[in-house]
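A.B. asks: Have a look at this one before I ask anything.
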Amino acid sequence: MLIEGGRGMLCCMANRPTRRSVAVLPVTIAMSLKAADSSLPPPPVAKAIPKTITLHGESRNDPYFWLREKTNPDVVAYLEAENRYFETVMKPVEELRKTLYTEMIGRIQETDLSVPERRDDYYYYTRITKGQNYPLYCRKYESLDGREELLLDGNELAKGHKYYRLGNFAVSPTHKLLAYSIDFDGDEVYTTYFKDLKTGEILPDRIPNVYYGVAWGNDDQTLFYTTLDASKRPYRVHRHVLGTPVTADEIVLEESDERFYVELSKTKDKKYVLISSDSKMTSEAHYLDAEKPRGKFAIVAARRQGVLYGVKHHEGQFLILHNDGAQNFQLVTAKVGDSAPEKWKVLIPHRRDVLLEDIESYQGWMTVTERENGLRRIRARKWDGGEDHIVAMPEPVYAVQLTGNPNYDAKTIRFTYQSLVTPSSVFDYDLATRQRTLRKQQEIPSGYDAGQYASERIFATAADGARIPIAIVYKKGFRKDGKAPLLLYAYGSYGINSEATFSSARLSLLDRGFAYAIASIRGGSEMGRYWYETGKLLAKKNTFADFVSAAEQLVTSKYTSSQRLAIMGGSAGGLLMGAVVNLRPDLFHTVLALVPFVDVLNSMSDATLPLTVGEYEEWGNPNDKAYYDYIKTYSPYDNLKKTAYPNILATGGLNDPRVPYWEPSKWVAKLRTLKTDGNLLAMKINMGAGHFGKSGRYAVLEETAEQYAFLLMTMGITR
């Protein structure tokens, strides 16, 4: 799946569901394949069944509402017909698809080992062997030269299933037990299992209907977990004691407000279990002494509408990152047991131009993740009052992420670093000496020379004067003469940032003369919290206007032309695709709309659907006429018109709980009746997966290869 993007801003919000090289090859230029070609059969036609929807006294006809009937044989028949049509469309470039897949396989280390992570006296790591789709989860005791223990084999767990995804992987405090969860359908509803790591026995305890995130009590017997309501919202936290019936598990917290999601975590020093209850705009946290896991949770600070906060712990104090009167967040401290807002003491004040994203507390140090001018940086600060410093980064445009730092007594931190030209690299960084050690860099077995590629950063100017960062990568020798193909990506929702990350698969485009660009448009948080807040609710159309401005800048600067410009976005980024092709269908040549959230008005008007109520604070509640009228002006499905559209590929997953399959299906069905062009319109619905596409690393590359093949074909590139 080609969706690119980051995670939520606060640590306690990270798992919230959202509508989220080879040498230069010869290039053959041919006429772009058109849907009107005589070699193609007529595309599928979905029957139109009138359906009247009335809200605020206004009646709308939705002729494809019936496609929501997942078990209706006519719906299945239509989706299968669309899939057959897609295969027919792709037949002329079948060899290209195979070539792309072979290239992509050649760029991954098929037999590979992760950098081991120390947790107490154990080293945990994953390894994978050529031909395997899923990793093995392993560990060694005390020394990397010790005997390997195999904890889980994803390939064995996946046997007999079309889909497999591991959710939670949580080792108990004494490292004797493992709690893990599995989804076999792609609907993100997991079942939790337990394994005795000493005997290898799978324990009889089974917990169904669970979500991401668990936390162990320090007694090694108590596990806290979350379950889902009918709309697949994580709304309850339960306490399970191993060996007791799951049906007897106590509900320790139930979130009745449908805007809120619950999530579990544990402080790095292992002293407290935390429950975060968050909406898009408001937070509330509870804590429990992990040494007393049968006790009652206490509140950190009661929720106040519009105030978000996240919690860490250090030596009897809570470290609270919040936005109360501090748009870009500030860090305060409060004593455990006396943490009401009036007791908060500022540790890091609010800064207008710097977004505080997260903090981590170690015994002697604190690390601060912050963002300025669109770029993330890591600041290290000693608790004894010593001078703080910023961890230096070697390139002007990059992506960095703290990772693998579970030990409270750590004196080094680990982070991953990458850029558009630098493969993902894992570094250990000594906080005192400021020395970094490269532990692993992503290998490209078929060969990769970063010196053959170049990246840069430019800015587009929006109509209101906002400066929109655009990161661009291409192969050296690229000519800015307006003739080159370019793929422009963006997301622009939920405050999620579009980072300048490396992709080995993307080399297949760059080596064929493409440039690739990432636009950091409003709706993300790249330029601060205000960048997000001016790209949501009644300001959402700034997101779409920013993207158009970025595209126009790339054309004006002659990186490409409208005849060679392709665009890509997924999920809420798919909404972006649908909105901008309605605004400027003449500006784009090809569109990859991946699991696109394009039926916004209807979905946000239906409170029975997963995510809808929780997203009123992102898109607005259409039951309020002001939001209804505004969403109606940009909802892609509702704004399709009789005109010429670009080449379009839409994808979906039959079991997707975030963007239901019927959103791209309805959009494509309606679009077929209105488009006046001869360009390709195709759809691929994965009949056995969900929002994230197929599982297994080889299957993921197959999907990427077919999407790239569609893109190249429409550009007339057939080799």
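The values are calculated or read from the model by the stated rules, or taken from the named source; none is laboratory data. Worth saying up front: this structure is predicted, and the values here are computed from it rather than measured. Cβ sites come from the backbone with ideal geometry, for glycine too, and all protein chains shown count toward neighbours.
A.B. asks: Residue by residue through region 253-272, note down the ones that are in contact with a Phe, Trp or Tyr (Cβ under 6 Å, 6 or more places away or on another chain) and more than 21 Å from Gly614 (Cα to Cα).
C.D. replies: Correct list: Lys268, Asp269, Tyr272.
A.B. asks: In this structure, does Phe297 turn out to be at pLDDT 95 or above and on the phi > 0 side of the Ramachandran plot?
C.D. replies: On the way: at pLDDT 95 or above: yes; on the phi > 0 side of the Ramachandran plot: no.
So Phe297 does not fit the description; no.
A.B. asks: Could you run through region 63-98 and say how many residues are of a type in the set (Val, Ile, Thr) and closer than 14 Å to Phe710 by Cβ? Please lay out each step first, then the result.
C.D. replies: At the first step, the residues of region 63-98 found to be of a type in the set (Val, Ile, Thr) are 71, 75-76, 88-89, 93.
Among the residues that remain, those that are also closer than 14 Å to Phe710 by Cβ are: 88-89, 93.
Summing the residues that are of a type in the set (Val, Ile, Thr) and closer than 14 Å to Phe710 by Cβ in region 63-98 gives 3.
A.B. asks: Would you be able to tell me the number of residues in region 400-437 that are within 12 Å of Trp365 (Cα to Cα) and basic (Lys, Arg)?
C.D. replies: Residues flagged as within 12 Å of Trp365 (Cα to Cα) and basic (Lys, Arg) within region 400-437 amount to 1.
A.B. asks: Then there is this: Taking the options Glu95, Glu58, Glu82, Glu87, name whichever one is among the acidic types (Asp, Glu) and more than 30 Å from Ser508 (Cα to Cα). If you could, list the steps in order and put the result at the bottom.
C.D. replies: Values: Glu95 fails: more than 30 Å from Ser508 (Cα to Cα); Glu82 fails: more than 30 Å from Ser508 (Cα to Cα); Glu87 fails: more than 30 Å from Ser508 (Cα to Cα).
It is Glu58.
A.B. asks: Of all residues in region 464-489, which are among the small types (Gly, Ala, Ser) and within 19 Å of Val591 (Cβ to Cβ)?
C.D. replies: So the first thing to find is which residues in region 464-489 are among the small types (Gly, Ala, Ser), and the list is 465-466, 471, 477, 482, 484.
Within region 464-489, just Ala484 meets the criteria.
A.B. asks: Now, a different point. Can you tell me which of (1) modelled with pLDDT under 95; (2) under 26 Å from Arg118 (Cα atoms) is the one Asp187 doesn't meet?
C.D. replies: (2)
A.B. asks: Say we look at region 390-423 and pick out the residues that are of a type in the set (Gly, Ala, Ser) and touching a Phe, Trp or Tyr at 6+ places or on another chain (Cβ under 6 Å); which of these is surrounded by the most Cβ atoms within 10 Å (Cβ to Cβ)? Reasoning before the result, please.
C.D. replies: Filtering region 390-423 down to residues of a type in the set (Gly, Ala, Ser) leaves 392, 399, 404, 410, 419.
With the extra rule that they be touching a Phe, Trp or Tyr at 6+ places or on another chain (Cβ under 6 Å), the set shrinks to 410, 419.
Numbers: Ala410: 19, Ser419: 25.
Taking the candidates together, the pick is Ser419.
A.B. asks: For the condition out of contact with any Gly (no Cβ under 9 Å at 6 or more places or on another chain) and assigned by TED's automatic domain parsing to the domain that holds Thr222, what is the one hit in Val273, Val252, Val262?
C.D. replies: Unique residue meeting the criteria: Val252.
A.B. asks: Is there a residue in region 56-71 that is more than 30 Å from the chain's Cα centre (by Cα), in the same structural domain as His589 (by TED's automatic domain parsing), part of a loop (DSSP other than H, G, I, E, B) and at pLDDT 95 or above? Full working, then the answer.
C.D. replies: So in region 56-71, the residues more than 30 Å from the chain's Cα centre (by Cα) come out as 56-63.
Now narrow it down to the ones that are in the same structural domain as His589 (by TED's automatic domain parsing): 56-63.
If we keep only those that are part of a loop (DSSP other than H, G, I, E, B) as well, we get 56-57, 62-63.
Filter once more, keeping what is at pLDDT 95 or above: 62-63.
There is at least one residue in region 56-71 that is more than 30 Å from the chain's Cα centre (by Cα), in the same structural domain as His589 (by TED's automatic domain parsing), part of a loop (DSSP other than H, G, I, E, B) and at pLDDT 95 or above.
A.B. asks: How many of the residues making up region 251-272 are crowded, with 21+ Cβ neighbours inside 10 Å and in contact with a His (Cβ under 9 Å, 6 or more places away or on another chain)?
C.D. replies: Total satisfying the criteria: 1.
A.B. asks: Scan region 258-282 for residues that are in contact with a strand residue (DSSP E or B) (Cβ under 7 Å, 6 or more places away or on another chain) and either outside any strand (DSSP E or B) or more than 30 Å from Gly325 (Cα to Cα) (or both) and jot them down. Walk me through it before giving the result.
C.D. replies: Residues of region 258-282 that are in contact with a strand residue (DSSP E or B) (Cβ under 7 Å, 6 or more places away or on another chain), as a first pass: 260-269, 271-278.
Those that are in contact with a strand residue (DSSP E or B) (Cβ under 7 Å, 6 or more places away or on another chain) and either outside any strand (DSSP E or B) or more than 30 Å from Gly325 (Cα to Cα) (or both): Phe260, Thr267, Lys268, Asp269, Lys271.
A.B. asks: If you check Gln363 against the conditions, is it in a loop (DSSP other than H, G, I, E, B) and more than 26 Å from the chain's Cα centre (by Cα)? Steps first, please.
C.D. replies: Numbers: in a loop (DSSP other than H, G, I, E, B): yes; more than 26 Å from the chain's Cα centre (by Cα): yes.
Criteria met by Gln363.
A.B. asks: If you check Ala566 against the conditions, is it outside any helix (DSSP H, G or I) and crowded, with 21+ Cβ neighbours inside 10 Å? Talk me through it step by step, then tell me what you get.
C.D. replies: On the way: outside any helix (DSSP H, G or I): yes; crowded, with 21+ Cβ neighbours inside 10 Å: yes.
It is true that Ala566 is outside any helix (DSSP H, G or I) and crowded, with 21+ Cβ neighbours inside 10 Å.
A.B. asks: Now for a separate question. In region 583-595, is there at least one residue being basic (Lys, Arg) and closer than 17 Å to Phe544 by Cβ? Explain how you work it out, then say what you get.
C.D. replies: At the first step, the residues of region 583-595 found to be basic (Lys, Arg) are 584.
Filter again for closer than 17 Å to Phe544 by Cβ, leaving 584.
Yes, region 583-595 has at least one match.
A.B. asks: Tell me which residues, restricted to region 508-537, are over 23 Å from Ser557 (Cβ atoms) and either part of a helix (DSSP H, G or I) or charged (D, E, K, R) (or both). Full working, then the answer.
C.D. replies: Step one: filter region 508-537 for residues over 23 Å from Ser557 (Cβ atoms), giving 508, 523, 525, 528-530, 532-537.
Those that are over 23 Å from Ser557 (Cβ atoms) and either part of a helix (DSSP H, G or I) or charged (D, E, K, R) (or both): Ser508, Arg529, Tyr530, Tyr532, Glu533, Lys536, Leu537.
A.B. asks: Among the residues of region 302-350, which ones are of a type in the set (A, V, I, L, M) and outside any strand (DSSP E or B)? Outline the logic, then answer.
C.D. replies: Taking region 302-350 as the starting set, the residues that turn out to be of a type in the set (A, V, I, L, M) are 302, 307-308, 311, 319-321, 326, 331-332, 334, 336, 340, 346-348.
Selection gives Ala302, Val307, Leu308, Ala326, Val336, Ala340.
A.B. asks: Turning to a different aspect of this structure: Hey, any hits in region 567-577 for a residue that's touching a Phe, Trp or Tyr at 6+ places or on another chain (Cβ under 8 Å), of a type in the set (S, T, N, Q) and over 26 Å from Lys483 (Cβ atoms)?
C.D. replies: Looking for residues that are touching a Phe, Trp or Tyr at 6+ places or on another chain (Cβ under 8 Å), of a type in the set (S, T, N, Q) and over 26 Å from Lys483 (Cβ atoms), one finds at least one in region 567-577, hence yes.
A.B. asks: I need the full set of residues from region 550-563 which are surrounded by fewer than 24 Cβ atoms within 10 Å (Cβ to Cβ) and either in contact with a helix residue (DSSP H, G or I) (Cβ under 9 Å, 6 or more places away or on another chain) or assigned to a helix (DSSP H, G or I) (or both), in order please.
C.D. replies: Glu552, Gln553, Val555, Thr556, Ser561, Ser562 - these are the residues of region 550-563 that are surrounded by fewer than 24 Cβ atoms within 10 Å (Cβ to Cβ) and either in contact with a helix residue (DSSP H, G or I) (Cβ under 9 Å, 6 or more places away or on another chain) or assigned to a helix (DSSP H, G or I) (or both).
A.B. asks: Test Gly574 against the stated conditions and say whether it is within 30 Å of Leu321 (Cβ to Cβ), modelled with pLDDT of 95 or more and buried (at least 24 other Cβ atoms within 10 Å of the Cβ). Show your work before the answer.
C.D. replies: On the way: within 30 Å of Leu321 (Cβ to Cβ): no; modelled with pLDDT of 95 or more: yes; buried (at least 24 other Cβ atoms within 10 Å of the Cβ): yes.
In short, no.
A.B. asks: OK, next. Among the hydrophobic types (A, V, I, L, M, F, W, C), in contact with a Leu (Cβ under 7 Å, 6 or more places away or on another chain) and closer than 30 Å to Ser419 by Cα, is that true of Leu375?
C.D. replies: no
A.B. asks: Which number in (1) in contact with a helix residue (DSSP H, G or I) (Cβ under 8 Å, 6 or more places away or on another chain); (2) assigned to a loop (DSSP other than H, G, I, E, B) marks the one condition that Met393 misses?
C.D. replies: Against the list (1) in contact with a helix residue (DSSP H, G or I) (Cβ under 8 Å, 6 or more places away or on another chain); (2) assigned to a loop (DSSP other than H, G, I, E, B), Met393 comes up short only on (1).
A.B. asks: Can you spot a residue in region 189-206 that is charged (D, E, K, R), assigned to a loop (DSSP other than H, G, I, E, B) and either within 14 Å of Ile275 (Cβ to Cβ) or within 21 Å of the chain's Cα centre (by Cα) (or both)?
C.D. replies: Looking only at region 189-206, we keep the residues that are charged (D, E, K, R), and these are 195-196, 198, 201, 205-206.
Within this subset, residues satisfying the condition of being assigned to a loop (DSSP other than H, G, I, E, B) are 198, 201.
Filter once more, keeping what is either within 14 Å of Ile275 (Cβ to Cβ) or within 21 Å of the chain's Cα centre (by Cα) (or both): none.
The answer is no, given that none of the residues of region 189-206 is charged (D, E, K, R), assigned to a loop (DSSP other than H, G, I, E, B) and either within 14 Å of Ile275 (Cβ to Cβ) or within 21 Å of the chain's Cα centre (by Cα) (or both).
A.B. asks: Residues that are farther than 30 Å from Val76 by Cβ and at pLDDT below 95: find the helices (runs of 4 or more DSSP H) completely inside region 585-689 holding 3 or more of those.
C.D. replies: Working: elements: 600-604, 616-619, 625-634, 662-674.
By residue number, no helices (runs of 4 or more DSSP H) qualify.
A.B. asks: For region 283-301, which positions are assigned to a loop (DSSP other than H, G, I, E, B) and not hydrophobic (A, V, I, L, M, F, W, C)?
C.D. replies: Glu291, Lys292, Pro293, Arg294, Gly295, Lys296, listed by residue number.
A.B. asks: For region 600-652, enumerate the residues that are over 24 Å from Leu583 (Cβ atoms) and either in contact with a Lys or Arg (Cβ under 9 Å, 6 or more places away or on another chain) or not assigned by TED's automatic domain parsing to the domain that holds Gln707 (or both).
C.D. replies: Pro610, Leu611, Val613, Gly614, Tyr616, Glu617
The rows are residues; the columns are (1) modelled with pLDDT of 50 or more; (2) outside the structural domain of Gly495 (by TED's automatic domain parsing); (3) in a loop (DSSP other than H, G, I, E, B).
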{"residue": "Ile3", "(1), (2), (3)": "no, yes, yes"}
{"residue": "Cys12", "(1), (2), (3)": "no, yes, no"}
{"residue": "Pro17", "(1), (2), (3)": "yes, yes, yes"}
{"residue": "Arg20", "(1), (2), (3)": "no, yes, yes"}
{"residue": "Pro42", "(1), (2), (3)": "yes, no, yes"}
{"residue": "Val76", "(1), (2), (3)": "yes, no, no"}
{"residue": "Glu80", "(1), (2), (3)": "yes, no, no"}
{"residue": "Val89", "(1), (2), (3)": "yes, no, no"}
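Each row is one residue, and each column tells you yes or no for (1) at pLDDT 95 or above; (2) on the phi > 0 side of the Ramachandran plot; (3) not in a strand (DSSP E or B).
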| site | (1), (2), (3) |
| --- | --- |
| Asp220 | yes, yes, yes |
| Phe224 | yes, no, no |
| Thr227 | yes, no, no |
| Ile251 | yes, no, no |
| Ser256 | yes, no, yes |
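A.B. asks: Identify the residue in region 140-180 that is hydroxyl-bearing (Ser, Thr, Tyr), outside any strand (DSSP E or B) and farther than 17 Å from Val115 by Cα and, among all such residues, is farthest from the chain's Cα centre (by Cα). Give the steps one after another, and end with the answer.
C.D. replies: Narrowing region 140-180 to residues hydroxyl-bearing (Ser, Thr, Tyr): 141, 143, 163-164, 172, 174, 180.
When the remaining residues are screened for being outside any strand (DSSP E or B), the result is 143, 163-164, 172, 174.
Subsequent filtering for residues that are farther than 17 Å from Val115 by Cα retains 163-164, 172, 174.
On the way: Tyr163: 19, Tyr164: 18, Ser172: 28, Thr174: 32 Å.
Checking each candidate, the answer is Thr174.
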